[in-house]
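J.: Have a look at this one before I ask anything.
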Amino acid sequence: MYLEYFGLTEFPFSLTPNCGFYCSLQSHEEALQTILYAIKNGEGFIKLVGEVGTGKTLLCRKLLNILETDESYITAYIMNPNLDCFGLYQSIAKDLGIATSHKLKQNDLLNVINDKLLDLHQNNKKVTIIIDEAQTIPPKTLESLRLLSNLETESSKLLQIVLFGQPELDNILSKNSLRQLKQRITFSCHLESLKRHELEEYIYHRLKVSGYQKYGFLFSKRSRDILFKASEGIPRIINILCHKSLLAAYGYGKKKVTFKLMLLAIKDTESAFVILKRYIYYLLLSTVIIGEVAILFFALRMST
């Protein structure tokens, strides 16, 4: 592959959510700091929403890593929360080190979890439940989460719950039947895609982490311009296109990704090619409209 060819020690644009590649972009860092603040202050429910591919899972893993370095925090991580109420309680119990049995009824399991949380609280431990892909949680299971959040002492909550999800999560929480849960969400964050000026920082950071030390930028300015338009600043699409364009550069014996090589990568990536075609369509449409306005303006000037 292209690692040795470009002087890299690992693939810089892998889709695996590796915290070593976390880049402190404004939207991501603001969301991370807000969540950490909310957790440390015992704010109960916290929600982060972001479009597909904007880096929610990477941020989720980053949050877990931070909390796990602090011995005062105990975390439960649910990555596939499409579960019924009992299944969710079982997953949480397992991560908290509670031995359970299928013979237990749901209310009994909730009581067991409550006893464990009280024990952890008495030992000055703070429990945080982090749920990824929260938009897949069935409505009834979301209601069971609300019941779980009722577990508290006279002075504090026994656990914090952080929901990471796609925009569909907001639609689900807007249902009248879930209004009680929605009211308990004290902090809401929205993860944005990259802005144009952040693209260079993002690419350079991943290359640097991967061992790239040569002088100069591996991607030409024109290739970065078309990359941003075709990806709309979505990190996952950026990673796919950068990886494919580096493969193309290696295949053609080029030491730099050019506009043409990036275009080849875009044409080979359906999601990016659709975005680019839509961008070109609106660009042409606006050009036609501007032309028609100019003609009309000129005609009006001539008639006076």
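The values are calculated or read from the model by the stated rules, or taken from the named source; none is laboratory data. None of the values given here were measured: they were computed from a predicted structure. Cβ placement follows ideal geometry from the backbone for every residue including glycine, while neighbour counts extend to all protein chains displayed.
J.: Considering each residue of the range 122-155, count those that are under 21 Å from ILE35 (Cα atoms), among the hydrophobic types (A, V, I, L, M, F, W, C) and assigned to a helix (DSSP H, G or I), and give that number.
T.: Of the residues in the range 122-155, 4 are under 21 Å from ILE35 (Cα atoms), among the hydrophobic types (A, V, I, L, M, F, W, C) and assigned to a helix (DSSP H, G or I).
J.: Something else about it: Between ILE92, ILE98, which is touching a helix residue (DSSP H, G or I) at 6+ places or on another chain (Cβ under 7 Å), among the β-branched types (Val, Ile, Thr), modelled with pLDDT under 95 and assigned to a helix (DSSP H, G or I)?
T.: Exactly one of ILE92, ILE98 is touching a helix residue (DSSP H, G or I) at 6+ places or on another chain (Cβ under 7 Å), among the β-branched types (Val, Ile, Thr), modelled with pLDDT under 95 and assigned to a helix (DSSP H, G or I), namely ILE92.
J.: Okay, moving on. Would you confirm whether any residue within the range 177-197 is of a type in the set (Val, Ile, Thr), outside any helix (DSSP H, G or I), under 20 Å from GLU51 (Cβ atoms) and within 20 Å of the chain's Cα centre (by Cα)? It would help to see each step written out before you state the result.
T.: First, the residues of the range 177-197 that are of a type in the set (Val, Ile, Thr): 185-186.
Retained after the next criterion (residues that are outside any helix (DSSP H, G or I)): 185-186.
Applying the additional criterion that residues be under 20 Å from GLU51 (Cβ atoms) yields 185.
Subset that is within 20 Å of the chain's Cα centre (by Cα): 185.
Yes: the range 177-197 contains one or more residues that are of a type in the set (Val, Ile, Thr), outside any helix (DSSP H, G or I), under 20 Å from GLU51 (Cβ atoms) and within 20 Å of the chain's Cα centre (by Cα).
J.: In the range 70-85, is there at least one residue being in a helix (DSSP H, G or I), surrounded by fewer than 18 Cβ atoms within 10 Å (Cβ to Cβ) and either in the same structural domain as SER149 (by TED's automatic domain parsing) or at pLDDT 90 or above (or both)?
T.: No, there is no match, as no residue in the range 70-85 is in a helix (DSSP H, G or I), surrounded by fewer than 18 Cβ atoms within 10 Å (Cβ to Cβ) and either in the same structural domain as SER149 (by TED's automatic domain parsing) or at pLDDT 90 or above (or both).
J.: Report whether or not LYS62 is without any contact (Cβ under 8 Å) to a residue 24 or more places away in the chain, in a helix (DSSP H, G or I) and of a type outside the set (A, V, I, L, M, F, W, C).
T.: Taking the combined requirement at face value, the residue does not satisfy it.
J.: Sticking with this structure for a sec: Only one residue in GLY216, GLY253 is under 27 Å from PHE6 (Cα atoms), at pLDDT 85 or above and surrounded by fewer than 10 Cβ atoms within 10 Å (Cβ to Cβ), so which one is that?
T.: Just one listed residue meets the conditions, GLY253.
J.: Of all residues being free of Cβ contacts under 8 Å to residues at least 60 places away in the same chain and polar (S, T, N, Q) in the range 231-248, which is farthest from LYS260 (Cα to Cα)? Just the residue, please.
T.: It comes out as SER231.
Here is a yes/no grid of residues against (1) buried (at least 16 other Cβ atoms within 10 Å of the Cβ); (2) touching a Cys at 6+ places or on another chain (Cβ under 9 Å):
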{"position": "LEU117", "(1), (2)": "yes, no"}
{"position": "ASP132", "(1), (2)": "yes, yes"}
{"position": "LEU142", "(1), (2)": "yes, no"}
{"position": "LEU148", "(1), (2)": "yes, no"}
{"position": "THR153", "(1), (2)": "no, no"}
{"position": "GLN166", "(1), (2)": "yes, no"}
{"position": "SER193", "(1), (2)": "yes, no"}
{"position": "GLU200", "(1), (2)": "no, no"}
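J.: Would you please list the contacts, defined by Cβ atoms under 8 Å and residues six or more apart or on different chains, that run from a residue in the range 23-43 that is among the charged types (D, E, K, R) to a residue that is buried (at least 19 other Cβ atoms within 10 Å of the Cβ)?
T.: GLU30/CYS189; GLU43/GLN160
J.: Looking at (1) among the charged types (D, E, K, R); (2) assigned to a loop (DSSP other than H, G, I, E, B); (3) crowded, with 19+ Cβ neighbours inside 10 Å, which is the one condition that is false for LYS103?
T.: Here LYS103 clears every test but (3).
J.: Considering ALA230, ALA248, which residue is assigned to a helix (DSSP H, G or I), closer than 27 Å to GLU133 by Cβ and not assigned by TED's automatic domain parsing to the domain that holds ASP132?
T.: ALA230
J.: Is at least one residue of the range 6-24 closer than 26 Å to ILE185 by Cα and in contact with a helix residue (DSSP H, G or I) (Cβ under 9 Å, 6 or more places away or on another chain)?
T.: yes
J.: A further question on this structure: Among the residues of the range 123-150, count how many are without any contact (Cβ under 8 Å) to a residue 40 or more places away in the chain and of a type in the set (A, V, I, L, M).
T.: 2
J.: Surrounded by 13 or more Cβ atoms within 10 Å (Cβ to Cβ), closer than 20 Å to ASN171 by Cβ, touching a Leu at 6+ places or on another chain (Cβ under 8 Å) and aliphatic (A, V, I, L, M), is that true of LEU110?
T.: Considered against the rule, which asks whether it is surrounded by 13 or more Cβ atoms within 10 Å (Cβ to Cβ), closer than 20 Å to ASN171 by Cβ, touching a Leu at 6+ places or on another chain (Cβ under 8 Å) and aliphatic (A, V, I, L, M), LEU110 comes out as no.
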